[in-house]
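One structure is given here, and the rest of the page talks about it.
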Amino acid sequence: MSVESFIRAMPKVELHVHLEGAIRLETLRIIAEQNEIPETLKDYATWIDLVEHPDYQRIDETIFTISQWLQAPEDLSLMAYELGVSLAKQNVKYAEVQVNPIPYIEGGLAFDQFITAINDGRDRAERGWHVRMAWILTMTRDNPRRSDDILRWATGASARKNGIVALGLSGPENAQPIGQFERAFRNAEKKELPCVPHAGDTLGGEGVLEVLQVAHPYRLVDGWGSADAPDVLQQLVEQHIPLDVTIARQLCLGHLENYAGYPLRHLYDEGVLLTINSDMPAFYKTTLNDEYLAVFEHCGFAPEEIEELALNAVRYSLLQEDERQAMLESFRTTYASLRVEHLVSEESTP
């Protein structure tokens, strides 16, 4: 037994994974062929290659393109179901999944068809694999004109029933200034809908600070540049705003040369609340288990600190309070047993 086996056996929560970013290439090919995409799209082979060998400067364009290949409700159901299965195989018990409905709406589906489809896949995964998923409806920086639509769907009377728990924002920061989305964030706040935006990729600490000031986030995704910005660190700590971190993403974007270069220890020691995530595992060639293992192997975190990071994902999830507390207690009990099985026995081996 080892720390690796301990990490793989740990029950977990994932707070930042994109629905399309987890699609298997084999599944994408099958869906594309069923919808006759190879026959109708001249550059089909190029796009398939960009999925298999991503150009990270074109990642948003790639995601938008392949989203248009999913044309029938059963395509979306399959994608959601397979994500649930993948999560369950990593012992993830609950996940908050970012999804942008606009490509599917523009492709001809009504929003009700879209949400019913992904919930069908979600529900089948829960019944068969005992994993729960909730949705973060996500605006994109390059399309502010659709933010009102996404907000309306995210705050509608049936939103919570449909598993929608937050409003997200993704995409390159230089596409549109954060002020373009201020009204959406204010209205979400009035309706008590939490916000979970991306920040930092392009503008670093300055971009993070702008998002903190405008979006008043419940959690912040990535937050690249926060470690080098004392004013940002102060706000994150004082306002108890967690960072949803995916180290593989920063490697793929060229911000790091290796996992050890990520300032995770500095953020942790400064008191920033952290959660570990996989973001777009199919594109960043990672898994949630891989990310936790890298935190141990390359960032110098001890097993008990790994546990704390995993419990943070429960604490700062958008589960109902009673569910959150029950899961925390269950995880703590399970971790204690796993420690004996995987770690104590290893330490006692001569």
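The values are calculated or read from the model by the stated rules, or taken from the named source; none is laboratory data. Since the model is a prediction, treat every value here as computed from it, not as a measurement. Using ideal geometry, Cβ is built from the backbone for each residue, glycine included, and neighbour counts are taken over all protein chains shown.
Of all the criteria given as (1) out of contact with any Phe, Trp or Tyr (no Cβ under 9 Å at 6 or more places or on another chain); (2) more than 25 Å from A88 (Cα to Cα), the one not satisfied by L169 is (1).
When the stretch 27-41 is limited to residues that are closer than 18 Å to E82 by Cβ and in contact with a Phe, Trp or Tyr (Cβ under 9 Å, 6 or more places away or on another chain), the one that is surrounded by the fewest Cβ atoms within 10 Å (Cβ to Cβ) turns out to be N35.
Go through the residues of the stretch 26-40 one by one and say whether even a single one is among the aliphatic types (A, V, I, L, M) and either within 24 Å of L220 (Cα to Cα) or in contact with a strand residue (DSSP E or B) (Cβ under 9 Å, 6 or more places away or on another chain) (or both). No, because not a single residue in the stretch 26-40 is among the aliphatic types (A, V, I, L, M) and either within 24 Å of L220 (Cα to Cα) or in contact with a strand residue (DSSP E or B) (Cβ under 9 Å, 6 or more places away or on another chain) (or both). Within the stretch 193-251, being in a loop (DSSP other than H, G, I, E, B), closer than 23 Å to R183 by Cα and touching an Asp or Glu at 6+ places or on another chain (Cβ under 7 Å) holds for G200, D201, T202, L203, H216, R219. Return the pairs, sorted by first residue and then second, in which the second residue is of a type in the set (G, A, S) and surrounded by fewer than 19 Cβ atoms within 10 Å (Cβ to Cβ), the first residue lies in the stretch 56-76 and is closer than 16 Å to G108 by Cβ, the beta carbons are less than 8 Å apart, and the residues are 6+ apart or on different chains. From residues that are closer than 16 Å to G108 by Cβ, the pairs are S67/G107; Q68/G107; L70/G107; Q71/G107; Q71/G108. One residue alone among P230, P281 is modelled with pLDDT of 95 or more and crowded, with 23+ Cβ neighbours inside 10 Å, and that residue is P281. If you go through the stretch 284-299 one residue at a time, do you hit one that is assigned to a loop (DSSP other than H, G, I, E, B), among the β-branched types (V, I, T), in contact (Cβ under 8 Å) with a residue 60 or more places away in the chain and closer than 30 Å to R58 by Cβ? Scanning the stretch 284-299, I find at least one residue that is assigned to a loop (DSSP other than H, G, I, E, B), among the β-branched types (V, I, T), in contact (Cβ under 8 Å) with a residue 60 or more places away in the chain and closer than 30 Å to R58 by Cβ, so the answer is yes. Selection of helices (runs of 4 or more DSSP H) fully inside the stretch 1-89 by the criterion of at least 2 residues being at pLDDT 95 or above and of a type in the set (D, E) returns 25-34, 44-52, 73-89.
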